[in-house]
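Chemist: I'd like to ask you about the structure that follows.
The values are calculated or read from the model by the stated rules, or taken from the named source; none is laboratory data. This is a predicted model, so every value here is computed, not measured. Cβ atoms come from the backbone with ideal geometry, glycine included; neighbour counts cover every protein chain shown.
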């Protein structure tokens, strides 16, 4: 149980605008910030050609907001791409940054907004070589996926191609001024993206709830999020046009972003970041594969709270024995990912045992590692990673 006498802070300045069709009002919302020119950040593929993007661009124009499109974002945006976007914002004397897309465009927009305001490479700030003297340019996020929660968080991830690392960075000014969450923008998500991003959102809620920094507010949000995902994700996966399910996933993802901004995450993300950076595995898919293995290893120390999560998912009674409840959570996650076509182990996405040592080197330095409810040793993390590669859930549980 959370100690309700323990002091905690909550800070969440983002205005959330949620609902079907709200993208049409984005221009007025941006103009309401006193902004008349923006860098519009997105990917170059289907998102750029979507009806939602067209609606956003038209809305900005109608509101008298000049938009310069930067449509070069790739998955896991790297530092050079961030620099190019920042240069575009700076050279055009643009006043704000609007992101349209999933986690990659939003993260790129955040980092570019900070670099544009301060100058210098984003990795200097991420690695602590420099401290920004100015806040990022105002950020507005319009989502097309339900997973990262970046639209409601103060975090962004940038890939350092030279070192092969995905590096997280938190800055108060990374909180978007406005998050526009329109489920109609999500209906064209392919099934694989729906599964990966949905499992990303679930991982956020689960790890945030189990974090040593959890608090009463984050607890309430996270339990609600896992219940919504349990009810909505499989439906959205099976029928992308199911707007009720899409709506459930869209708001669950945003809510999870609110929670983990306060609590941090855990070792699922500690492993998933190097898996993504070094092997090009989509972040949500990496989380989806790894999640049950870390949960199995945490049951020794976090069974009561794992039981709470299982009960919220409908996998066990709320008064179940904590050990059996924790086992129910692991099984519910295994069953969910199987129904979504997620590979059983990391070997199913091309990771071999020989890759383990390099991945572990990055994972042991994960910045949120101290918030794990179990203080894994480096050797235990190595064995846990081996179990996730091999798809050996029993080995993870035996740690």
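Chemist: Is it the case, given these coordinates, that residue 67 is without any contact (Cβ under 8 Å) to a residue 24 or more places away in the chain, surrounded by 15 or more Cβ atoms within 10 Å (Cβ to Cβ) and in contact with a strand residue (DSSP E or B) (Cβ under 8 Å, 6 or more places away or on another chain)?
Modeler: no
Chemist: Read through the list (1) surrounded by fewer than 17 Cβ atoms within 10 Å (Cβ to Cβ); (2) closer than 21 Å to residue 215 by Cα; (3) within 22 Å of the chain's Cα centre (by Cα), then give the number of the only condition that residue 304 fails.
Modeler: (3)
Here's the yes/no breakdown for (1) in a helix (DSSP H, G or I); (2) closer than 23 Å to residue 379 by Cβ:
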{"site": "258", "(1), (2)": "yes, no"}
{"site": "268", "(1), (2)": "yes, yes"}
{"site": "272", "(1), (2)": "yes, yes"}
{"site": "281", "(1), (2)": "no, no"}
{"site": "295", "(1), (2)": "yes, yes"}
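Chemist: Still on this structure: Against the definition (assigned to a helix (DSSP H, G or I) and out of contact with any strand residue (DSSP E or B) (no Cβ under 8 Å at 6 or more places or on another chain)), how does residue 318 come out, yes or no?
Modeler: no
Chemist: Quick one: which strands (runs of 3 or more DSSP E) sit completely within the range 139-195 and have at least 1 residues that are touching a strand residue (DSSP E or B) at 6+ places or on another chain (Cβ under 7 Å), modelled with pLDDT under 95 and farther than 20 Å from residue 48 by Cβ?
Modeler: By residue number, 155-160, 165-170.
Chemist: Can you find a residue that is crowded, with 19+ Cβ neighbours inside 10 Å and over 29 Å from residue 251 (Cα atoms) anywhere in the range 71-80?
Modeler: Yes, that holds for at least one residue.
Chemist: Here are some residues: 280, 264. Which one is surrounded by fewer than 22 Cβ atoms within 10 Å (Cβ to Cβ) and at positive phi? Even if it seems obvious, please write down each step before you answer.
Modeler: On the way: 264 fails: surrounded by fewer than 22 Cβ atoms within 10 Å (Cβ to Cβ).
Of the residues listed, the single one that is surrounded by fewer than 22 Cβ atoms within 10 Å (Cβ to Cβ) and at positive phi is 280.
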